[in-house]
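The values are calculated or read from the model by the stated rules, or taken from the named source; none is laboratory data. What you see is a predicted model; the values in this text were computed from it and never measured. Cβ placement follows ideal geometry from the backbone for every residue including glycine, while neighbour counts extend to all protein chains displayed. Keep in mind that these areas ignore ligands, DNA and RNA; they rest on the heavy atoms of the full protein, side chains included. Shrake-Rupley method; radii C 1.70, N 1.55, O 1.52, S 1.80 Å.
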Amino acid sequence: MNRVELKKVKSLKGEITPPPDKSISHRAVMFASIAEGKSIVRNFLWAEDPINTMNAMRMLGVEIEQPSAISHQPSAIVIHGQGLHGLREPFDVINCGNSGTTMRLISGILAGNPFFTVLTGDDSLKQRPMARVINPLQEMGADIFARNNDKYPPIAIKGGGVKGITCKMPIASAQVKSCLILAGLYADGTTIITEPQKSRDHTERMLKAMGADIEVDGLTIKVRGQRSEVRGQELNPLDITIPADFSSAAFFIVAALMVPDSEVLIKGVGINPTRTGLLDVIKDMGGNLRIENIRDVSGEPVADIYCRTASSLKAVKIGADIMPSLIDEFPILCVLAAQADGISEIRGAEELRVKESDRIKVMAEGLRRIGVEVEELPDGMVIHGTTHLKGATIESHGDHRVAMAFSIAGLLSEDRITIKDTACIDTSFPEFFNYIERLID
Ligand code: S3P
């Protein structure tokens with residue numbers, strides 16, 4: 001469980017490199033597992049969620065060598081890919097823990113494999129909607145059953161013999177899109193997926209680089225599969241370096257903008273445009289950021305982000321169009337809006353209700369406790385900017401991003417803010433509080 005208490009700090013100063021990208025870490029391990037031959041993944045995120053993916057792939061028969069065996073590269077892992085058709089039926093139920101990405105993406109791989117698997121997770125994951133992947137995978141021909149009329153985990157899958165479908169996705173979701181792309185690799189024929197807005201595209205980039213037959217045209221993705229019973233073209237192995245996670249960097253970008261007299265350089269951060277909606281919002285609010293040293297690292301754009309305290313911040317109005325590109329930044333954006341001049345409105349965010357917690361409800365409840373006037377809407381929140389944050393005890397509801405967002409709010413409060421249940425931060429950013437400590441001047 002754990003609890004942490006935070007209080008106003010004078011300023012934040014220094015340089016940090018946030019932890020490796022969680023989305024890319026999941027994908028690198030999964031895709032390398034179904035490639036043919038040995039992949040090297042450098043700068044893997046050692047946090048609970050991607051470790052759950054690693055354990056799942058091991059249960060499916062993949063050999064993965066850890067750092068102790070490769071001591072000259074502390075966080076590099078070596079994955080001995082089994083090829084598209086080389087995975088094995090697991091001996092036991094696979095537990096995905098808190099990780100929606102693990103469960104949804106692996107479902108796509110399993111839909112292409114002719115053996116039986118059961119996927120489960122913790123109490124939060126068992127309440128997250130899975131029909132969004134189950135229904136299209138069933139349409140492709142996989143046998144899948146799940147709790148409550150095929151809606152919630154545990155999920156039982158027996159795949160194989162899938163065929164391509166045309167799918168118009170009702171929601172922008174990189175997890176659903178990636179699941180269908182992966183199933184599409186195994187399918188007979190072409191799978192055509194169209195999203196309503198562009199969600200993160202790490203899957204498309206990585207699989208294309210591995211030689212998959214994927215074509216992206218705006219919001220539509222075409223995947224040409226291979227007949228599952230024929231050994232067609234395999235995926236080439238990866239040699240990849242994972243950039244720092246923009247979603248982890250976001251907490252420190254916002255902290256540096258809000259804490260007086262701060263100056264922080266955040267290095268090596270992935271700035272894939274499908275992830276950086278927060279930068280556009282900060283610009284609209286009048287924040288001080290400089291994107292420096294833009295380069296390419298393993299097919300992803302990376303930069304250093306120089307952040308200084310904003311002299312003033314304006315309120316913003318944001319809607320559904322930008323939401324997918326800042327979907328995981330909602331909690332910290334709420335804290336930022338609470339420090340802006342005026343009334344901010346965040347709409348088009350109904351997906352936030354089915355994340356690791358109901359993030360709209362949980363953020364509204366926490367913000368009220370620290371003295372911010374908010375109005376909860378079905379699809380977002382109205383937030384009245386205020387300068388004074390009150391001391392309070394906040395429930396994280398087991399949601400890592402909620403716990404981190406309120407910890408940053410704590411750095412601004414004259415009175416103590418206590419965050420209950422901070423252990424959940426280990427799912428994505430185990431060193432989070434050490435990073436804060438290092439920056440406090
Ligand atoms: C993720 C996609 C997003 C995001 C999640 C990670 C991914 O979820 O919120 O933290 O790695 O594909 P959705 O696809 O449900 O929007």
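Side notes on the structure shown:
- Remark: the range 83-97, residue by residue, has Karplus-estimated 3J(HN,Hα) of x, 4, 10, x, 6, 10, 4, x, 7, 9, 5, 8, 9, 8, x Hz, where x stands for each Gly or Pro and the curve is 6.51 cos²θ - 1.76 cosθ + 1.60 at θ = phi - 60°.
- Within a Gaussian network of the chain (alpha carbon springs, distance under 10 Å), most fluctuating of Lys177, Lys198, Lys317: Lys317
- GNM top mover of Ile214, Ile294, Ile144 - the chain, alpha-carbon springs below 10 Å: Ile294
- Using a cut-off of 24 Å between Cα atoms, the listed pairs Lys163/Lys208; Lys151/Lys361; Lys151/Lys177; Lys13/Lys355; Lys22/Lys355; Lys177/Lys208 include Lys13/Lys355 as exceeding that distance.
- Shape of the range 1-128, Cα gyration tensor, a/c cut at 1.5: oblate
- Lysines whose Cα lies under 28 Å from that of Lys10, excluding same-chain neighbours fewer than 8 positions away: Lys267, Lys283, Lys314, Lys390, Lys420
- Mean Cβ count within 10 Å, highest first, over the residues of peptides 382-393, 153-164, 9-20: 153-164, 9-20, 382-393
- Rg and Dmax of the range 169-260, based on Cα coordinates, read 16.8, 62 Å.
- Calculated [θ] (222 nm, deg cm²/dmol) that DSSP helices of n ≥ 4 give over the chain, each run adding -39,500 (n - 2.57): -8500 deg cm²/dmol
- Interchain or long-range residues, amide H under 5 Å from Leu238's placed H: Ser39, Ile40
- Protection proxy ranking of 169-176, 216-223, by the mean of other Cβ atoms within 10 Å over each peptide's residues and highest first, is 169-176, 216-223.
- The range 22-241 - Rg (one decimal) and Dmax (whole number), Cα, Å: 15.9, 50
- Amide H within-cut-off set for Gly268, under 5 Å, with H built and near neighbours excluded: Ala303, Asp304, Ile305
- Charge-dipole axis of the chain as Lys and Arg at +1 and Asp and Glu at -1 on Cβ define it, positive-most pick from Met285, Val297, Ile24: Ile24
- In this rough spin-label picture, where each label sits 7 Å from Cα along the Cβ direction, the Glu365-His384 distance is 2.2 nm.
- 37 °C / 0.692 mPa s Stokes-Einstein diffusion coefficient of the chain, Kirkwood radius on C-alpha pairs, µm²/s: 149 µm²/s
- Between amide H atoms placed 1.01 Å from N, distances below 5 Å from Ile318 occur with Glu345, Ile346, Arg347, all of them 5 or more places distant or on a separate chain.
- Carbon and sulfur %, accessible surface of the chain computed with the full protein complex present, 1.4 Å: 48 percent
- Most to least packed among 114-123, 418-427 [average Cβ atoms within 10 Å]: 418-427, 114-123
- Cα-based reach from Lys38 at 14 Å (exclusive), listing aspartates and glutamates while leaving out same-chain residues under 8 positions away: Glu63, Glu65, Glu234, Asp239
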